[in-house]
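The structure appears right after this line, and notes come after that.
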Amino acid sequence: MRKQYSISELELGIEEIKASPKDNGVLKMIVCRPETEIREIINSGEINLEDGLAGDNWKTRGSSHTSDNSADPEAQITLMNSRVIQLLTDDKENWKWAGDQLFVDMDLGIDNLPPHSHIQIGSAILEISAKPHTGCKKFSGRFGIEALEFISTPFGKALRMRGVNAKVIQAGQIKVGDVVKKL
(Lines give C-alpha, C1' and ligand atoms only; values in the text may rest on other atoms or scores of the structure.)
Protein backbone atom coordinates (compact mmCIF):
# COMPACT_ATOMS: atom_id res chain seq x y z
CA MET A 1 0.00 0.00 0.00
CA ARG A 2 1.35 3.39 -0.98
CA LYS A 3 1.26 6.16 1.62
CA GLN A 4 -1.02 9.01 0.63
CA TYR A 5 -0.17 12.54 1.72
CA SER A 6 -2.41 15.46 2.67
CA ILE A 7 -2.40 18.70 0.70
CA SER A 8 -0.66 20.47 3.61
CA GLU A 9 2.11 17.83 3.54
CA LEU A 10 2.43 18.14 -0.24
CA GLU A 11 2.60 21.94 -0.09
CA LEU A 12 5.86 21.60 1.88
CA GLY A 13 7.52 20.44 -1.34
CA ILE A 14 6.53 23.36 -3.58
CA GLU A 15 9.85 25.21 -3.25
CA GLU A 16 11.77 22.05 -4.18
CA ILE A 17 9.61 21.62 -7.29
CA LYS A 18 10.06 25.29 -8.24
CA ALA A 19 13.86 24.78 -7.99
CA SER A 20 13.83 22.23 -10.84
CA PRO A 21 16.40 23.02 -13.57
CA LYS A 22 15.04 25.15 -16.42
CA ASP A 23 17.47 23.51 -18.87
CA ASN A 24 20.00 20.70 -18.76
CA GLY A 25 17.79 18.51 -16.60
CA VAL A 26 18.37 14.80 -16.10
CA LEU A 27 16.42 11.71 -17.16
CA LYS A 28 15.85 9.92 -13.83
CA MET A 29 13.68 6.95 -14.84
CA ILE A 30 12.27 5.24 -17.93
CA VAL A 31 9.10 3.15 -17.57
CA CYS A 32 7.86 0.87 -20.32
CA ARG A 33 4.20 -0.22 -20.22
CA PRO A 34 4.08 -3.37 -22.38
CA GLU A 35 0.51 -4.19 -21.27
CA THR A 36 -2.21 -2.47 -19.28
CA GLU A 37 -1.27 -2.42 -15.58
CA ILE A 38 2.21 -3.82 -16.31
CA ARG A 39 5.19 -1.52 -15.69
CA GLU A 40 8.85 -2.24 -16.38
CA ILE A 41 11.57 0.11 -15.19
CA ILE A 42 14.32 0.08 -17.82
CA ASN A 43 17.75 1.72 -17.93
CA SER A 44 17.74 2.54 -21.64
CA GLY A 45 15.34 2.54 -24.53
CA GLU A 46 14.64 3.40 -28.12
CA ILE A 47 12.35 6.28 -29.00
CA ASN A 48 10.93 6.00 -32.52
CA LEU A 49 8.46 7.84 -34.72
CA GLU A 50 6.12 4.86 -35.11
CA ASP A 51 5.74 3.49 -31.57
CA GLY A 52 7.05 6.20 -29.24
CA LEU A 53 8.99 4.21 -26.64
CA ALA A 54 9.80 0.83 -28.22
CA GLY A 55 8.02 -1.97 -26.32
CA ASP A 56 5.43 0.37 -24.80
CA ASN A 57 1.73 -0.20 -25.47
CA TRP A 58 0.94 3.44 -26.39
CA LYS A 59 0.10 2.57 -29.98
CA THR A 60 -1.79 -0.68 -29.41
CA ARG A 61 -3.69 0.61 -26.34
CA GLY A 62 -5.13 3.55 -28.26
CA SER A 63 -6.96 6.46 -26.69
CA SER A 64 -10.52 7.29 -25.73
CA HIS A 65 -9.67 10.89 -26.68
CA THR A 66 -9.50 10.21 -30.43
CA SER A 67 -12.57 9.83 -32.64
CA ASP A 68 -11.59 6.32 -33.73
CA ASN A 69 -9.94 5.25 -30.42
CA SER A 70 -6.55 5.06 -32.14
CA ALA A 71 -3.38 6.17 -30.36
CA ASP A 72 -3.18 9.94 -29.85
CA PRO A 73 -0.07 11.25 -31.61
CA GLU A 74 -0.05 14.26 -29.27
CA ALA A 75 0.42 11.91 -26.29
CA GLN A 76 3.00 9.53 -27.76
CA ILE A 77 5.40 10.11 -24.85
CA THR A 78 4.49 11.36 -21.38
CA LEU A 79 6.96 13.04 -19.05
CA MET A 80 6.65 13.91 -15.37
CA ASN A 81 8.89 16.00 -13.13
CA SER A 82 10.77 13.62 -10.84
CA ARG A 83 10.55 16.08 -7.94
CA VAL A 84 6.75 16.00 -8.13
CA ILE A 85 6.46 12.21 -8.17
CA GLN A 86 9.05 11.94 -5.37
CA LEU A 87 6.83 14.23 -3.31
CA LEU A 88 3.74 12.11 -4.02
CA THR A 89 5.24 8.75 -3.05
CA ASP A 90 7.69 7.58 -0.41
CA ASP A 91 9.28 4.92 -2.63
CA LYS A 92 10.98 5.43 -6.03
CA GLU A 93 9.69 1.99 -7.05
CA ASN A 94 6.18 3.50 -6.98
CA TRP A 95 6.98 6.21 -9.54
CA LYS A 96 6.07 3.76 -12.30
CA TRP A 97 2.42 3.76 -11.21
CA ALA A 98 1.97 7.40 -12.25
CA GLY A 99 1.58 6.04 -15.78
CA ASP A 100 4.28 8.16 -17.40
CA GLN A 101 7.19 6.82 -19.42
CA LEU A 102 9.88 9.38 -18.65
CA PHE A 103 10.64 10.98 -15.29
CA VAL A 104 12.90 14.01 -15.57
CA ASP A 105 14.46 16.43 -13.13
CA MET A 106 13.43 19.50 -15.12
CA ASP A 107 10.91 22.32 -14.98
CA LEU A 108 8.06 21.16 -17.25
CA GLY A 109 5.97 24.28 -16.53
CA ILE A 110 4.20 26.19 -19.27
CA ASP A 111 6.47 29.23 -18.85
CA ASN A 112 9.60 27.10 -19.29
CA LEU A 113 8.32 24.73 -22.00
CA PRO A 114 5.37 26.26 -23.87
CA PRO A 115 3.50 24.06 -26.35
CA HIS A 116 5.59 23.10 -29.40
CA SER A 117 8.89 23.53 -27.50
CA HIS A 118 11.49 20.91 -28.36
CA ILE A 119 13.64 18.98 -25.91
CA GLN A 120 16.44 16.53 -26.55
CA ILE A 121 17.02 13.44 -24.43
CA GLY A 122 19.94 11.31 -25.58
CA SER A 123 19.70 11.39 -29.37
CA ALA A 124 15.86 11.67 -29.41
CA ILE A 125 13.99 14.94 -29.88
CA LEU A 126 10.47 15.44 -28.52
CA GLU A 127 7.95 18.22 -29.08
CA ILE A 128 5.85 19.31 -26.10
CA SER A 129 2.17 18.99 -26.98
CA ALA A 130 -0.50 21.61 -26.41
CA LYS A 131 -2.73 18.75 -25.18
CA PRO A 132 -2.81 18.94 -21.37
CA HIS A 133 -1.81 15.90 -19.33
CA THR A 134 -4.30 15.60 -16.49
CA GLY A 135 -4.82 13.30 -13.55
CA CYS A 136 -7.41 10.54 -13.68
CA LYS A 137 -9.27 8.12 -11.44
CA LYS A 138 -6.33 5.67 -11.54
CA PHE A 139 -3.91 8.43 -10.52
CA SER A 140 -6.03 9.48 -7.53
CA GLY A 141 -6.51 5.82 -6.58
CA ARG A 142 -2.77 5.28 -6.54
CA PHE A 143 -1.60 8.53 -4.94
CA GLY A 144 -4.72 9.86 -3.21
CA ILE A 145 -7.47 12.34 -3.98
CA GLU A 146 -5.48 15.09 -2.24
CA ALA A 147 -2.52 14.42 -4.55
CA LEU A 148 -4.87 14.84 -7.53
CA GLU A 149 -6.29 18.04 -6.02
CA PHE A 150 -2.75 19.35 -5.35
CA ILE A 151 -1.53 18.86 -8.94
CA SER A 152 -4.83 20.21 -10.32
CA THR A 153 -4.66 23.64 -8.68
CA PRO A 154 -4.00 26.59 -11.01
CA PHE A 155 -0.44 26.65 -9.64
CA GLY A 156 -0.06 22.89 -10.20
CA LYS A 157 -1.37 23.21 -13.75
CA ALA A 158 0.98 26.12 -14.52
CA LEU A 159 3.93 24.01 -13.36
CA ARG A 160 2.41 20.99 -15.14
CA MET A 161 2.85 18.93 -11.99
CA ARG A 162 0.92 16.07 -13.61
CA GLY A 163 3.39 16.14 -16.46
CA VAL A 164 3.35 16.81 -20.18
CA ASN A 165 2.42 15.00 -23.35
CA ALA A 166 4.91 14.96 -26.19
CA LYS A 167 5.38 13.54 -29.65
CA VAL A 168 8.53 12.18 -31.22
CA ILE A 169 10.21 14.52 -33.73
CA GLN A 170 13.49 12.60 -34.07
CA ALA A 171 14.06 8.95 -33.20
CA GLY A 172 16.96 8.09 -30.95
CA GLN A 173 18.36 6.20 -28.00
CA ILE A 174 17.82 7.33 -24.39
CA LYS A 175 19.26 6.14 -21.10
CA VAL A 176 18.84 7.03 -17.45
CA GLY A 177 21.24 9.85 -16.64
CA ASP A 178 20.93 11.52 -20.06
CA VAL A 179 20.75 15.32 -20.10
CA VAL A 180 17.32 16.77 -20.95
CA LYS A 181 18.05 19.89 -22.98
CA LYS A 182 15.79 22.60 -24.36
CA LEU A 183 16.37 23.25 -28.06
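Things worth noting here:
- Checked across segment 5-14, the condition of being more than 29 Å from S117 (Cα to Cα), in contact (Cβ under 8 Å) with a residue 40 or more places away in the chain and among the β-branched types (V, I, T) holds for at least one residue.
- Once segment 3-21 is narrowed to residues that are surrounded by 14 or more Cβ atoms within 10 Å (Cβ to Cβ) and in contact with a helix residue (DSSP H, G or I) (Cβ under 6 Å, 6 or more places away or on another chain), the residue that is nearest to E146 (Cα to Cα) is L10.
- Segment 22-39 - residue that is more than 14 Å from F103 (Cβ to Cβ) and touching a residue at least 12 places away in the same chain (Cβ under 8 Å) and, of those, surrounded by the most Cβ atoms within 10 Å (Cβ to Cβ): D23
- Residues satisfying the stated conditions in segment 2-43, i.e. of a type in the set (D, E) and either at pLDDT 95 or above or under 24 Å from S152 (Cα atoms) (or both): E9, E11, E15, E16, D23, E37, E40
- The conditions of being closer than 19 Å to N48 by Cα, in a loop (DSSP other than H, G, I, E, B) and within 13 Å of the chain's Cα centre (by Cα) are met by D100.
- Some residue of segment 148-170 being acidic (D, E) and either closer than 18 Å to R33 by Cα or surrounded by fewer than 17 Cβ atoms within 10 Å (Cβ to Cβ) (or both): yes
- Filter result for E46 (in a strand (DSSP E or B), more than 15 Å from the chain's Cα centre (by Cα) and modelled with pLDDT of 95 or more): yes
- Candidate set: segment 133-181, residues that are over 29 Å from S123 (Cα atoms) and among the polar types (S, T, N, Q); chosen: the one modelled with the lowest pLDDT: S140
Yes/no matrix, rows are residues, columns are (1) surrounded by fewer than 22 Cβ atoms within 10 Å (Cβ to Cβ); (2) modelled with pLDDT of 95 or more; (3) on the phi < 0 side of the Ramachandran plot:
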site	(1), (2), (3)
N69	yes, no, no
A75	yes, no, yes
I85	no, yes, yes
D91	yes, no, yes
W95	yes, yes, yes
G109	yes, yes, yes
H116	yes, yes, no
Q120	yes, yes, yes
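- Whenever a residue of segment 140-156 is farther than 18 Å from G109 by Cα, its partners that are of a type outside the set (V, I, T) and surrounded by 15 or more Cβ atoms within 10 Å (Cβ to Cβ), lying with C-beta atoms within less than 6 angstrom and at least six residues away or across chains, give the pairs S140/L148; R142/W97; F143/L88; G144/Q4.
The values are calculated or read from the model by the stated rules, or taken from the named source; none is laboratory data. A quick note: this is a predicted structure, and the numbers were derived from the prediction, not measured. Here Cβ is always computed from backbone atoms with ideal geometry, including for glycine, and neighbour counts include all displayed protein chains.
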